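One structure is given below, encoded as structure tokens.
All of the numbers you see were taken from the coordinates with simple rules; none came from a lab. As the structure is a prediction and not an experimental result, all values here were calculated from the model. Cβ placement follows ideal geometry from the backbone for every residue including glycine, while neighbour counts extend to all protein chains displayed.
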Amino acid sequence: MTSDTSPRSNVSQSIGTFVLEGDMFGGTIHTLTLALKVIMLPIERTSTHAPDFRIYSGIVEIGAGWKRTNAEGREYLSVKLDDPALPNPIYASLCHDDETGKLVLLWSRPKAER
């Protein structure tokens, strides 16, 4: 993974680490306001736009994940986390980190509109 440090770049930050456990993912999410143990459970899709995973912290559903493939052909999960306590949903990507061999949840702040 590379990052551009120019002022207008979309620099990704790791906000979580995960491991694949059978057909589900288990891990933690850490930000300044969140510290959660979570699991991502696979679900049966009901439509082409339905998620592939539901995300839970304890018994509370906090998000969903969709299987995607990037331009280089690498698979990842596009993740949406949401909770009434958050001002906006968090959009992130769950990717393999080649350096550590783990799965990391990467968040990028959207570029500001000009």
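Here are a few things to note about the model shown:
- Pairs meeting the criteria (first residue in segment 26-46 and more than 14 Å from residue 64 (Cα to Cα), second residue part of a strand (DSSP E or B) and of a type in the set (Ser, Thr, Tyr), beta carbons under 6 Å, at least 6 apart or on different chains) are 27/17; 36/57; 37/28.
- Residue list for segment 67-87, restricted to those being among the charged types (D, E, K, R) and surrounded by 13 or more Cβ atoms within 10 Å (Cβ to Cβ): 67, 68, 80, 82, 83
- Within segment 94-113, the set of residues being surrounded by 13 or more Cβ atoms within 10 Å (Cβ to Cβ) and touching a Lys or Arg at 6+ places or on another chain (Cβ under 8 Å) comprises 95, 96.
- Cβ-Cβ distances below 8 Å connect the following pairs, each with a first residue in segment 86-112 that is closer than 12 Å to residue 16 by Cα and touching a residue at least 24 places away in the same chain (Cβ under 8 Å), a second residue that is assigned to a loop (DSSP other than H, G, I, E, B) and of a type in the set (Asp, Glu), and a separation of six or more residues or different chains: 103/97; 104/97.
- Taken over segment 68-114, the criterion of being among the β-branched types (Val, Ile, Thr) and not in a loop (DSSP other than H, G, I, E, B) is satisfied by 69, 79, 90, 104.
- Scan of segment 24-50 for residues that are hydroxyl-bearing (Ser, Thr, Tyr) and closer than 17 Å to residue 103 by Cα, ordered by number: 28, 31
- The set of residues in segment 37-72 being of a type in the set (D, E, K, R) and out of contact with any Phe, Trp or Tyr (no Cβ under 6 Å at 6 or more places or on another chain) consists of 37, 44, 45, 54, 61, 67, 72.
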